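Data first, discussion second: the structure below is written as structure tokens.
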Amino acid sequence: YMGALISGRGAFQIIIPNNITQIRPYAFAILPPGTDPNAFYYENLTIPSNITHIYEYAFYYTNITGTLTIPATVQEIYHRAFYYCNINECVIASLTPNATDIFQGCSNLRKITVAEPVTTLYKSNFGYTRNISELVLPATLTSMETGTFSQASPPSVIRFLGETPPVITTKVFSDIPGAALLVPANAYYTYYNATNYTTLRSYIFGFQYFNAGDVLPDTLSGMPVKWFRDYIDAYYGSNNLTTSPSNRELIALFV
């Protein structure tokens, strides 16, 4: 309970030495919550590669801001490890069944990038997440368990980088009704026909890059499309493109 030891003594930033391998429960917790919010301050924290385990509530109410990066060298993350942190973005390359509700209460978190070599999203990995604008999933992902998003609010967009759809159940999306799925344009037909991908979801998008002056095709993968400048426009059906694009990513809404 290091937070209790230094509470009231001003702001501290902790450097984790190379011989440390575990961050134990409540190690950097601020207890009671809010009593000294500046006791530990991190901006753009990267968990060092020597850390193999992050235990439950390790960063409870800790003032971590900016981007949190968790490398694949972290073997285990436990329940609510980053409970009520102030991060805006997270890049995470390690998820296991023990990593439940790890971002619960992170009200400023807007983007989560799950990085390779993650292959599975387990039950409650993203439980109780709120207000996520974009969740990016790696090409290595092969399955998503029922309850991955238990008690979560729907991400605006879930972006799949892989051309092979991960195996899912209908309950993956029934927990987050209204989330839009953004998939590679050349894999759209594969996702569209994959089991449970067109059940209990709002939209499946394809995406493709075009150059200024290119003529937008009316179909992709044999499906009719409407073109938008970004996924927010596509999601709400506004600002449909009728002319040639500028140099930027465009979003195809398959209809």
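Results, tabulated for the structure shown:
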| quantity | calculated |
| --- | --- |
| Any hit, segment 93-112, residues being closer than 22 Å to Phe207 by Cα and not charged (D, E, K, R) | yes |
| Matching strands (runs of 3 or more DSSP E) fully within segment 165-255 where at least 3 residues are without any contact (Cβ under 8 Å) to a residue 40 or more places away in the chain and open to solvent by less than 60 Å² (accessible area, probe 1.4 Å) | 180-184, 223-228 |
| Filter result for Ile158 (in contact with a Leu (Cβ under 8 Å, 6 or more places away or on another chain) and in a strand (DSSP E or B)) | yes |
| Residue match in segment 91-107 (condition: surrounded by fewer than 20 Cβ atoms within 10 Å (Cβ to Cβ), in contact (Cβ under 8 Å) with a residue 40 or more places away in the chain and over 17 Å from Ala39 (Cβ atoms)) | no |
| Residues within segment 201-225 that are farther than 15 Å from Ala180 by Cα and of a type in the set (D, E, K, R), tallied | 2 |
| Answer residue from segment 36-56, given it is more than 21 Å from Ser94 (Cα to Cα) and in a loop (DSSP other than H, G, I, E, B) and is most open to solvent (accessible area, probe 1.4 Å) among those | Asn38 |
| Some residue of segment 57-65 being outside any strand (DSSP E or B), at pLDDT 95 or above and open to solvent by 20 Å² or more (accessible area, probe 1.4 Å) | yes |
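The values are calculated or read from the model by the stated rules, or taken from the named source; none is laboratory data. No experiment lies behind these values; they were computed from the predicted model shown. A quick note on method: Cβ atoms are made from the backbone with ideal geometry, for glycine too, and the neighbour counts reach across all protein chains shown. Note: accessible area is taken over every heavy atom of the protein model, side chains too, but ligands, DNA and RNA are not part of it. Shrake-Rupley method; radii C 1.70, N 1.55, O 1.52, S 1.80 Å.
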